[in-house]
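Step one of this worksheet: look at the structure below.
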Amino acid sequence: MQTTRFIVALTFLAMVLLGSSASPYLRASPYTAQRLLSSTAIAAGAYATSLGKYYGTSGTGSVNQGLRATLWNGVDSYVDLGPGDVNDALGSTFAGSYMAHAALWTSPTNRIDLNPVGFSTSWIGGLAPGVGVGTGTGFVSGKSLRHALLWQGTTGSFTDLQPAAGYSMSDGRAASATQQVGWAETIGPGGTVGKQHAMLWSGTAGSYVDLHPAHGFASSWALGVSRGRQVGIGFVGDPIVSTSRALMWSGSAASVVDLSPPGYLASEATRVIGDWAIGDGVDANYQHHAILWDLSTSPTTIIDLEPAAVAAGVGGATPWNLSSSGAIAGVKVTVTNPGPPREKTFTPVAWTPEIRLPGDANLDGEVSFGDFQIWEQNFGSKDSWWKTGDFNDDRVTDTADFALLMRHYGQSVNGTPAASVPEPGAVLWVAAIALLARRGKRRSC
């Protein structure tokens, strides 16, 4: 009887979900770019994207001088979220800081203050389902603090990730469902300032793994993590005046791989989701190129996003973040006066791949039974992306994604019926409901 009620409830839920609106999403390539502000600003940048929206900052200077957390719905169409910034987004939620306190927004008008006890300021750098990672600063017992922090939804839920010994401070930058990354600064001889090392955590301070390569780099940062991969930067020389290299790890310092494009003088990787990593590089002519790495190929495919940025008048922009669906957020920095004092202007930039249909997980241009199989194989994953069935940018493969797949089942990107649809849609409903019933039964045992 319980199983019957469960199946009926699931069927009703699926019907409700199918009634929700859905908009076209994005292919992996080719990309187009656009400015989110038609004019430059003293301080503005796009640092996160989800569901076709872009998030970041705009204003006239530092937080204390008017920097504002901002949500862009399109070019020159934005919502002022108040003093602060936004660094990451997940589905319809987004996070960063508000009034120098870590903040999580569940909507533009609903904000949760996550500043933890013992820290005077804090901010969130990255989100994953149910968690956020960032940094808290303060001044306790005559000693300043800068610690990487992990939140699980409420102010009191935070975990201090600062390693117990050997490191003076730390910073949290990004999270997946099970891992967090950032950097920690070592303590030098006699208590002097040491070097910043890329770090990996798995939910506790004691779980840390120092990712700093054994040779060739003075310091390093980890800036992105997804499905067991970490990406970031290795600095050759001092971080202030150094050459940087885009790096990727698979859980240990010894696993490091240099992602720098051949012939480039410098590079950095800023984020990774699934098999897509983004960042930028400096070519032999000292020109910055926005870059996307496709990590699913061997050797890695490098996609130059610079032509799209040049066409939009924002050449040299840097990508900072991307969504499950492949949309990219970034910023163009222009030095208007080399100084002193050095002066810059900033332009938020959005890169969007060509339109594709929600449900087309394998990127073959149509929504078919093969896409359903991908969704089924990954159902329940909380470290997901487009190619594992996350079609609504929340990093989870669930019934909401199935509803989007079914809404477009049998369609193709060119508007004609899909060529390879061997099973009718009703069969998929039965299969999906049977799958969910099995999962529900296992949970109730």
#### Entry: Using θ = phi - 60° and Karplus 6.51 cos²θ - 1.76 cosθ + 1.60, couplings along region 244-252 (whole Hz; Gly, Pro as x)
10, 10, 5, 10, 9, 10, 10, x, 8
### Thr334 paired with Thr32, simple spin-label distance in nm, labels 7 Å along Cα-to-beta-carbon
2.2
### Task
Enumerate the amide H contacts of Met169 below 5 Å, restricted to partners 5 or more residues apart or on another chain; note that Pro and chain-start residues carry no placed amide H.
Glu185
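If a/c stays under 1.5 just call it rounded; otherwise compare a/b with b/c (prolate if a/b is bigger, oblate if not). Do that for region 131-218, with a ≥ b ≥ c from the square roots of the Cα gyration tensor eigenvalues.
Values: a/c = 2.42, a/b = 1.25, b/c = 1.95.
Oblate.
Please identify every one of the trypsin sites (Lys or Arg not before Pro) in region 264-365 that sits in a loop by DSSP and has no more than 11 other beta carbons within 10 Å of its own beta carbon. All intermediate terms of the calculation are to be shown ahead of the outcome.
Numbers: sites: Arg271, Lys332, Arg342, Lys344, Arg356; in loops: Arg342.
Answer by residue number: Arg342.
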### Message
Run the simple label-point estimate for Ser252 and Thr204 please: 7 Å along Cα→C-beta, distance reported in nm.
### Response
2.1
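With +1 assigned to the C-beta of every Lys and Arg and -1 to the C-beta of every Asp and Glu, and no other charges, what is the dipole magnitude of region 185-263 about the Cα centre in debye, to the nearest 20?
Result for region 185-263 is approximately 200 debye, rounded to the nearest 20.
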### Phi to ³J(HN,Hα) by Karplus 6.51 cos²θ - 1.76 cosθ + 1.60 over region 280-287, Hz, x for Gly, Pro
8, x, 10, 7, 5, 9, 6, 9
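From the Cα gyration tensor of region 30-356, with a ≥ b ≥ c the square roots of its eigenvalues, which class applies: rounded if a/c is under 1.5, or else prolate if a/b is larger than b/c, or else oblate? If you can, show how the numbers build up before the last one.
Values: a/c = 1.39, a/b = 1.11, b/c = 1.25.
Because its axes are fairly even, with a/c under 1.5, region 30-356 counts as rounded.
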### Message
Checking the cross-link filter: which lysines have an alpha carbon closer than 21 Å to that of Lys143, excluding same-chain neighbours under 8 positions apart?
### Response
Lys195
### Query
Kirkwood-based Rg over Rh for region 239-333 (C-alpha set), two decimals?
0.95
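No lab work stands behind these numbers, since they all come straight from the coordinates. Because the structure is predicted, anything quoted here is derived from the model rather than measured. Cβ atoms come from the backbone with ideal geometry, glycine included; neighbour counts cover every protein chain shown.
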